[in-house]
Amino acid sequence: MSDADILTNNSLRQELVDDGYARLPGSGLFDLLAIRSADWAALARSWDDLGPDLYMADGGRYRRRRHATFACDQDGFTRMPHQPHFQSRDYNPLNGDVQRWFDPIEQSTIDNAAMQSILAFCVRSFPLSGRQHVELHQFRIEARSGERGRPTPEGMHRDGVDWVFVMLVERRNVREGVTRIGTPQGRELGEFTLARPGDAVLIDDQRIMHGVTEIHAVDPARPAWRDALVVTFAATT
C-alpha cells in the first residue's frame, strides 16, 4: 500500500472514530483503488440481472437483489454456501424475523477486479478484529408509475452488524434518494445524496442509524432505478 493509501485510510478511520461514519466521493475512490473503467462497466452491468425481492411486507415489488455470504480472516474472503439473509425485528421491523432467500450473486461478479478492490478497501478501512461474517448485497430500487421506490422501507435503521459499506452504482432517471444519518437516540447528524457512481459511505452500525428517502422518476415514461452495493461485517469471534 502506498503512503497516499495509508494516509487516506487513516483519515477514514479517524472519521469513523469521531463521527461514526465517513463519506468518500466516487472519483476519489476510483483513483484510490485504481479501478479500470472496463472492470467497473462490467460490474455495473451485473445489476441488470437481479431477481425480485419477494419478501416485502409492504407488498411492494420495487426491489430487486442478489446476496452472498463470506467468512473473512487474515487469509482473505472465503465464500460460504448460499444461505438466507436474516435480521431480527429489533433491527428491521418491516421484514425482520424471516429467513429471506435471494438469488446468489454470480461468481463472475465477485471475481470482477473492481469488486475485489472494493472488498479489500473495506478490510483496510474498517477496524476489524478476528474472523468476520460478511454479507454482500446487490440492490436495484425501481421507481415505477403508481408505486413508490423505497430504498429503505423500514425507515431509519441499523443493520444489526458491526460495519456497513454502501456504494452507489448507478442512478438512472431518478430524483431524491437522500441518505440520512442519525443516532439511535433520534439525533440527526446529517443528510446527503450518493449521486455519482462510486460515491460511498462507511458506517459504524453500533453507533449510527441510516436510511434513504424514496426515489421518484424524473420522466415517468422511462425506466428509473437506483443501484447500490452494500457490504456488511460482523465479528464472529
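Give me the net charge of His216's neighbourhood, meaning all other residues with Cβ under 14 Å from the Cβ of His216; Lys, Arg count +1, Asp, Glu -1.
With Lys, Arg at +1 and Asp, Glu at -1, the neighbours total +3.
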Would you kindly derive the ³J(HN,Hα) couplings of the stretch 128-133 from the backbone phi angles with the Karplus curve 6.51 cos²θ - 1.76 cosθ + 1.60 (θ = phi - 60°), listing them in order in whole Hz, with x for Gly and Pro? 7, 9, x, 5, 10, 8
Tell me, how many Å apart are the Cα centres for the stretch 42-61 and for the stretch 140-179? 12
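Can you give the net charge of the other residues whose Cβ lies under 11 Å from the Cβ of Gln132, counting K and R as +1 and D and E as -1? Don't skip to the answer; put the middle values down first.
Details: positive: Arg131; negative: Asp73, Glu135, Asp162.
With Lys, Arg at +1 and Asp, Glu at -1, the neighbours total -2.
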Which one, Ala120, Gly28, Val212, projects farthest toward the positive side of the charge dipole computed for the stretch 1-233 from Cβ point charges (K/R +1, D/E -1)? Val212
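Set the Förster radius R0 to 22 Å, insert the Cβ-Cβ distance between Met56 and Glu176 as r into 1/(1 + (r/R0)^6), and round the FRET efficiency to 0.05. Intermediate values should be presented prior to the final figure.
Values: r = 19 Å, r/R0 = 0.89.
Once the sixth-power term is evaluated, E becomes 0.70.
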Virtual spin-label span in nm between His216 and Gln99, 7 Å along Cα→Cβ: 4.1
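Suppose every Lys and Arg Cβ carries +1 and every Asp and Glu Cβ carries -1, with no other charges. What dipole size does the chain come out with about its Cα centre, to the nearest 20 debye?
Working: 28 positive and 34 negative charges, 119 e Å.
Dipole size: approximately 560 debye.
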Just the number please: accessible area per residue for the stretch 102-214, 1.4 Å probe, all protein chains included, in Å². 41
Farthest toward the dipole's positive end in the chain, which of Pro153, Leu194, Pro81, given Cβ charges of +1 (Lys, Arg) and -1 (Asp, Glu) about the Cα centre? Pro153
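Ignoring everything except DSSP H segments at least 4 long, calculate the 222 nm mean residue ellipticity for the chain; use -39,500 (n - 2.57) per segment, divide by total residues, nearest 500.
Values: 5 runs with 52 residues, N = 237.
Counting only the DSSP helices, I get -6500 deg cm²/dmol.
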Sum up the charges of everything whose Cβ sits under 11 Å from the Cβ of Pro84, counting Lys and Arg as +1 and Asp and Glu as -1, but leave Pro84 out. 0
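The values are calculated or read from the model by the stated rules, or taken from the named source; none is laboratory data. Since the model is a prediction, treat every value here as computed from it, not as a measurement. For neighbour counting, all protein chains shown are included, and Cβ atoms are generated from backbone atoms with ideal geometry for every residue, glycine included. For the accessible areas, the whole protein counts, side chains as well, though only heavy atoms, and no ligand, DNA or RNA atoms are used. Shrake-Rupley method; radii C 1.70, N 1.55, O 1.52, S 1.80 Å.
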